1. Could you tally the net charge around W168, taking each other residue with its Cβ under 13 Å from the Cβ of W168, Lys/Arg +1 and Asp/Glu -1?
2. Pairwise over distinct Cα atoms, reciprocal of the mean inverse distance: report the Kirkwood radius of the chain in Å, one decimal place.
3. Residue by residue, what Karplus-based ³J(HN,Hα) values in Hz, rounded to whole numbers, does the range 123-129 have, using 6.51, -1.76 and 1.60 with θ = phi - 60° and x for Gly and Pro?
4. Output ³J(HN,Hα) for the range 17-28: one whole-Hz value per residue in order, computed from phi by the Karplus curve 6.51 cos²θ - 1.76 cosθ + 1.60 with θ = phi - 60°, and x for Gly and Pro.
5. Which FRET efficiency value, to the nearest 0.05, is calculated for L527 and D387 with the Förster distance at 51 angstrom and r the Cβ-Cβ distance?
6. Could you pull out every residue, at least 5 positions away or on a different chain, whose amide H is within less than 5 Å of the one on T378? Hs are placed 1.01 Å off N in the peptide plane, and Pro or chain starts have none.
7. Compute the long axis of helix 223-242 from its Cα atoms, compare it with the longest principal axis of the Cα atoms of the chain, and write down the angle in degrees, 0 to 90, nearest 10.
8. May I ask you to sort R379, R432 by Cβ crowding, counting other Cβ atoms within 10 Å and putting the fewest first?
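Values quoted throughout were computed directly from the atomic coordinates according to the rules given, and no laboratory measurement underlies them. In this text the structure is predicted, and so the values were computed from the model without any measurement. Here the Cβ positions follow ideal geometry from the backbone for every residue, glycine too, while neighbour counts run over all protein chains shown.
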Amino acid sequence: MLSAGAAAATVALLFVLAQRLTRTSTGRSDRWAGLAAALAFGFGPVWWSQATVAEVYALHNLLATAILWTALTIPALTGAARNRRVLLLLTLIGLGLAHHRTVVLLLPGVLVYLLWEAPTLLRPQRAWLGWLAALLTPLLLYAYLPLRAAQGVADLNGSYVNTWAGFWDHVLARRYTSFFTVNELSHSYSVDAWWRLWLAQTGWPGVGLSVLGLGMLADRRARSGWVLILLTLVANLLFAISYQVGDPEVFMLPVWLCAAVLAGGGLAVIRRSIQNARVRTALSACVLLLLLVGGGRGAMVNRSHDWAVHDYAVDMAKVAFPPGSRVIGIEGEITALKYMQQAERLGLAATGVVANDPAARRAALVSALDARAPTYLTRELEGIASDYSFTGEGPLVRVWPRGEIVAQTPSIRSDLALLDGRLRLEGYDLQRLEWAGGPVARLTIYWRPTAKLDRDLKVSLRIVDAAGAPLMQADGGAAVIDASPLRQVAATTTWAPDVQVRDVHEIALPDGVDQRLLLIIYDAANLEEVGRLTTSLP
């Protein structure tokens, strides 16, 4: 809700900002230009994605837009009114620094603009003390961190260290400096990919208007304001293309916001070239319509049915953890578990262990098993398959000392023999789970190898009708999944003979009646089928 509200306010303020920069010689605001800027930015897929998720970027861009608008209004004021507006500007900058440090990318443009339009502000004067207080007061919000940490409260991912060095590491975002070099999380775009990404935000009409908006630099009265917009665009662009993270596109949002202001300027350039008022109005309306439906723009993000992360977190937290359990995974996965523990009081018997590096996960695994703690992995980990035994537990895989698994009895017996009897399917459990994202069938397979297996097997789960024809999901895709046993933690070739392996799989259920589940076991190397089983769904 905070993201949605901040995003809506950003678009509204962007409308006001573009109006101000495109005022006519008589001081009249150009509402058409404001609408063009709002449409160019407000329907961008990346912006829409950040307006519908609990993230920092909607509020960051609201603060950035407010800073730009406030700076633009200062030169027209005098006396006490100007002093109050400077206080507001510095308060907004302080809030921005307390929220997301990339707000510093606005400061070069703001400084150049104020030197250009209001140089007296930068001369030493008594008012500086009040302005400094306005800048620093919002930074007191950071005091929340050591105060709450001193009461025993930790952040969800456990990254904050309550020391003097730890405090400054957080405030200065020191641990993020590694992203200026290539790392395993980085996602680099080529020049062509960046271009196509920009095109997807506004379509050809928006890109064309942004380029045309450079013509507003010819307006001497507003030139300094357009330089402010361009400097802000360039600073954020250089940062976004050099910051090596998995989602660099979110750091382009201030760039596209400034480009949207230029799009408003582009429409203003067109309007100023037309003398006839009726023609000007009709053409403006057509341009806005093109912005709304113009070619090249990507589809907006629809999260109304996007429950995958929520369902994963709930499913993980509902695992029947024995006391003292440890769950080892990467930061996002463990954060999901901790959230469910604190917000929903689920999975309280487990302790999450963050280990982003595979070597760190392996060390945490050895430490947990040495302490005889029930230990679970969220994902595959190379080099351990032949050293331990494993069982599926919901979306997790429990790790056991080799051969020490506690065998269980399946609710539905089977005696399907595979690979000339070297692998038996002893039976299975089949549940219907009502997840927030829709009903799911969970199949727990009970395998037992009777000898060392020399073939890497996979499974294919298919929802079929009574005649055996695959059913379709609501999105038009077939209700089929292909997966490795034990979520790729241990291939069948590494399973210990005569040790039961419980293997868990889920598949979303389509609408319809008389559905059946078809399980096909096949060789991963040559896709040869080695066995199948069909059962009715609950």
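1. Net of charged neighbours comes to +2.
2. The Cα-based Kirkwood calculation yields 27.4 Å.
3. Values per residue, Gly and Pro as x: 8, x, 7, 4, 4, 4, 4 Hz.
4. 4, 5, 4, 5, 6, 10, 4, 6, 5, 8, x, 7
5. So, using R0 = 51 Å, E works out to roughly 0.95.
6. I328
7. The angle comes out near 20 degrees.
8. R432, R379
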